[in-house]
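What follows is a short report on a single structure.
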Amino acid sequence: MGRSLIRWPFRGSDAASPNQPDDRFAAARERMVAGQISNRGVVDARVLAALRAVPRHLFMLPGSQDEAYEDRPVPIGHGQTISQPYIVALMTELARLKPGDRVLEVGTGSGYQAAVLSRLADTVDTIEIVEPLAARASHVLAQLGCRNVTVHTGDGSAGWPEMAPFDAIVVTAAPDHVPPALVAQTRPGGRLVIPVGGVNDVQQLRVLEKDERGEMHGRDVAPVRFVPLVRKE
């Protein structure tokens with residue numbers, strides 16, 4: 001399909017620990033989870049543990065690490081952002097991941113969402129269309145030991161059919177409609193978590209669940225604002 005692949009070996013339980021040697025942000029991360037995430041209704045204990053464990057500051061650009069635990073998106077270059085922590089937690093909880101699940105993420109960006117997902121699922125395939133972002137995310141994820149994450153470069157709206165179907169698909173940029181390929185690559189019983197809406201529209205974070213007959217049933221969760229999903233022409 002003409003897309004490059006960056007891969008390394010791994011398992012999610014080996015992912016980054018909050019007790020790393022240079023973790024001067026541990027207290028800030030705990031305040032983030034308590035004040036921005038738990039207090040706003042995210043209750044899944046595994047999700048909260050993942051947010052406590054993954055060092056978000058390592059996914060920031062140099063010079064912006066002190067902003068890592070604020071409740072807002074932060075630019076990461078190339079017109080992209082790292083999502084605010086609450087949205088990362090909310091989307092992760094909505095995916096309802098179980099041990100053994102296989103996840104597709106569309107829009108790797110910084111790699112932070114993939115690192116959180118890696119602690120809850122068996123494997124994570126993540127796709128980024130901007131090659132420098134994919135390369136940087138791969139480097140950070142490898143340093144943290146996230147060996148169950150495979151970073152691909154390519155058009156995420158096409159999904160990753162070679163590894164489909166997926167138990168959950170999490171999309172971290174907004175298309176103006178739900179890409180049919182992502183619906184097709186969701187396993188029966190699986191979930192697709194996606195923001196939908198154009199640049200000038202009110203976007204909605206939507207959850208679609210596929211029943212055993214292959215039909216999708218969706219609901220809107222909250223208004224959101226994501227960068228547009230970039231596609232190849």
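The alpha-carbon positions of region 72-160 define a convex hull whose volume is 87 Å³ per residue.
Please sort 107-115, 167-175, 152-160, 181-189 by packing, taking for each peptide the average over its residues of neighbouring beta carbons within 10 angstrom, highest first.
Working: 107-115: 27.9, 167-175: 24.9, 152-160: 22.7, 181-189: 16.8.
Ranked by mean Cβ neighbours within 10 Å, highest first: 107-115, 167-175, 152-160, 181-189.
For the pair Arg187 and Met163, the difference between a 0.36 nm per residue extended length and the Cα-Cα distance amounts to 7.5 nm. Over every Cα atom in the chain, the radius of gyration and the widest Cα-Cα span, Dmax, amount to 16.2, 50 Å. The protection proxy used here, the mean number of other Cβ atoms lying within 10 Å of each residue, ranks peptides 190-198, 120-128 as follows, highest first: 120-128, 190-198. Summary value for region 5-224: 18 percent relative contact order, contacts being C-alpha pairs under 8 angstrom separated by 6+ residues.
Roughly how tilted is helix 85-95, in degrees to the nearest 10 and between 0 and 90, from the longest Cα axis of the chain? With rounding to tens, the tilt is 40 degrees. Using 0.36 nm per residue and subtracting the Cα-Cα separation, the extra length available between Asn200 and Gln143 on full extension is 16.7 nm.
Computed over region 136-202, the quotient of the alpha carbon radius of gyration and 2.2 N^0.38 Å is 1.26.
Could you work out how much longer the chain between Lys98 and Asp44 gets when fully extended? Use 0.36 nm per residue separation minus the Cα distance between them, nm to one decimal.
In short, 18.3 nm is gained.
No value in this document is a laboratory result; all are computed from the given coordinates. Keep in mind that this is a model prediction, so the values were computed, not measured. Note that each Cβ is placed from the backbone with ideal geometry, even for glycine, and that neighbours are counted across all protein chains shown.
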